[in-house]
1. By how many nm would the segment from residue 49 to residue 184 lengthen if fully extended, with 0.36 nm per residue of separation less the alpha-carbon distance?
2. Normalized C-alpha radius of gyration of segment 234-315, against 2.2 N^0.38 Å?
3. Label residue 309 and residue 95 with points 7 Å out from Cα along Cα→Cβ: what is the distance between them in nm?
4. If you work out volume of the Cα convex hull per residue in Å³ from the coordinates, which of [x] 233; [y] 152; [z] 348 do you get?
5. Hey, could you pull the Cα Rg and Dmax for segment 146-227, both in Å?
6. Quick one: Karplus J couplings for segment 286-292, per residue in order, coefficients 6.51, -1.76, 1.60, θ = phi - 60°, nearest Hz, x for Gly and Pro?
7. Given the C-alpha centroids of segment 26-101 and segment 328-353, what is the distance between them in whole angstrom?
8. As I understand it, the dipole of the chain uses +1 on the Cβ of Lys and Arg and -1 on the Cβ of Asp and Glu, about the Cα centre. Which of 167, 179, 335 lies farthest toward its positive end?
Amino acid sequence: MSRPLSKASMILALLVGLAGPVFGQLPPVTPEQAAKGVLVVRAVFEPGELALTRGDTAHILVVLHDEAGNPVEGALAFMFSPDQNVVGPQVGRQRSDGTFPIEARGPGRIRPILVVRVNDDDGSFRGTAGVREIGMVEIAVADWPVNRLEMNEVEYTPYVGTTYKLTARAMTDHGTEHGAAVVEWRSDTPKVATVTGGGVLTLHKTGDARIVARTEGDIDLPYEFKVIKNPLRSLSIAPVSVQTRTGDVVRFDVQALDKKDKPIEGMALSYSVFGIDSAGAEIFADGSFVAEHPGAFRAVVSTGGISAEAIVEVVARPDATPVRLVGKGQVSHVATSDLWVFSGKDGRDYAYTGTHAQGGGQRMFVWDVTEPSNIQLTDSVMVDARVVNDVKVNGDASWAIITREGAS
């Protein structure tokens, strides 16, 4: 059976979302439109390329041509944006005047894809039958101008002998972070502190320091601070030796200690890994270690000429468990969008699946998968949508969320 809304203890919250570029979401094509689409072999874009600024809108005129170079009218054409954060809409349908609307949403350079609808046997594109790629157009989007720099919070205390990275954001005149502006750094007090062009700061002696960040348009941001004496006497890392498996995370407890063996807050530390008989491991700033390959490794923490290390012995994970097909639940008239399997409050196992537009994307199916060899379609939920994108259920199966696209 199907119903407009679930009455069970499961609460379905409908959130309007937008899926990635899925070609299975295209609307149906008429026989006449498909016949016209088969004739199309190339497209002429006017203009041939676009240079826009973030926030701009524009139109691209597209004329479809057959093999003899004659214009083709009546084909169903769409333009897909590979990154809707740069250019939208994600899916644009050709208007009656032959144009496609373009929205410049963010900085970048992309090539939207033009496709036409045809019969399922006449073409496919990225796994979707009935779609044929015709061409692309290049679009470049520049960000708004930079009008200021903002310093990101420095989480370390400026002790002599430490090294850490400074970061700053280039902000546009619209109050957003610039997508491409480069920030470069210099030191006006190199005897006290030096900095690389990328912002790696090293503190040499006590005193007043002045570091300057600069970005495009000769916009400067000074950072002034006082370098203080380093109270560090030792570093500790625990455990000092550990065994683990590839892919598992080892979390080290690292502390900087003063002469009274009390922890020091705000100490910048450097982490590194050295392979003893292998390679392919990494340690992060929070002390987390993970290895991709088996072998022995040295995990080292250091600052100001003082270091501590631990030995990590890594063995390979067990072989993967073989998988075999036990059962199958199938609906042949509609494409599946998402899947979520969970244990219900009644002790049985269920799966929820979403649907794409082709065949009826307004439905979420409910499957009983308690017996994998006998999967049963037990229910469905209908919503006002062209596509049911995502299906999610929380940990105790007390509520679920589905996202939809294309409501009327």
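Where a number appears in this text, it was derived from the coordinates with a stated rule and is not lab data. This structure is a prediction, so every number in the text was calculated from the model and none was measured. Methodologically, a virtual Cβ is constructed for each residue, glycine included, from the backbone with ideal geometry; neighbour enumeration extends over all protein chains shown.
1. 45.4 nm is the gain from fully extending residue 49 to residue 184.
2. Dividing the Cα radius of gyration by 2.2 N^0.38 Å gives 1.08.
3. The answer from the label model is 6.7 nm.
4. [x]
5. 12.9, 40
6. Residue by residue, segment 286-292 yields 8, x, 7, 10, 8, 10, 8 Hz.
7. Going from one Cα centre to the other spans 36 Å.
8. Towards the positive end, the residue furthest out is 167.
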